[in-house]
Amino acid sequence: MYDRWKLNRLSSFVVAGAIAGVAGCPADPPPSCISVDTSCAPLYAPTFDNIYTMTLRDTCGSQRASCHSAVGRQGGMSFEDEPHAFDALRAGRVVPGNPGCSKLIVRTDSPGASYQMPPGDPLSEAERCVLIQWVQAGALGGSGQAASQPGSAR
């Protein structure tokens, strides 16, 4: 009888573990900083205009990938147009000159992590390189406007 009790307890733990795995227990939060290679090979010139038109708009802000569309606004960010996208990123999500400690880079340069952005298929290494080099160069906007830290003057 004791062995049957142990077997029932063990099977209960196995079932509970399987349910927890399927239900998606909360993942660890992303780290504050990661190591990045700023000498990588970018897919295209690392300007915000290019980033918006070649990566953000189609990958993150379109209606078919609605996470950051005008309706989705995940994390309070909308990539519906270039000014909204730039403002969303500079609102504490990039640290100009420090890509490894920028939330944008931590989330996009962590393929396979539960906090990876975009979810599903990650950006290519060359696309991630564009983001890294853009932040490293100061995270300038389309008109040369610098990204500012939260609470700082424009």
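On full extension of the chain, what length is gained from MET54 through ASP87, given 0.36 nm per residue of separation minus the C-alpha to C-alpha distance?
Roughly 10.1 nm would be gained on extension.
Once fully extended, how much extra length lies between ALA41 and ASN98, figured as 0.36 nm per residue of separation less the alpha-carbon to alpha-carbon distance?
Using 0.36 nm per residue and subtracting the Cα-Cα distance, I get 18.7 nm.
Could you rank the peptides 30-39, 85-94 by their average count of other C-beta atoms within 10 Å per residue, with the highest value first?
Ranked from most to least packed, the peptides come out as 85-94, 30-39.
In sequence order, what are the phi-derived ³J(HN,Hα) couplings for the stretch 117-131 according to the Karplus relation 6.51 cos²θ - 1.76 cosθ + 1.60 with θ = phi - 60°, rounded to whole Hz, with x for glycine and proline?
10, x, x, x, 6, x, 4, 5, 4, 5, 5, 4, 4, 4, 4
Bear in mind these aren't lab numbers, they're just calculated from the coordinates by the rules spelled out. These numbers come from a predicted model, not from an experiment. Note that we place each Cβ from the backbone using ideal geometry, even for glycine, and neighbour counts take in every protein chain shown.
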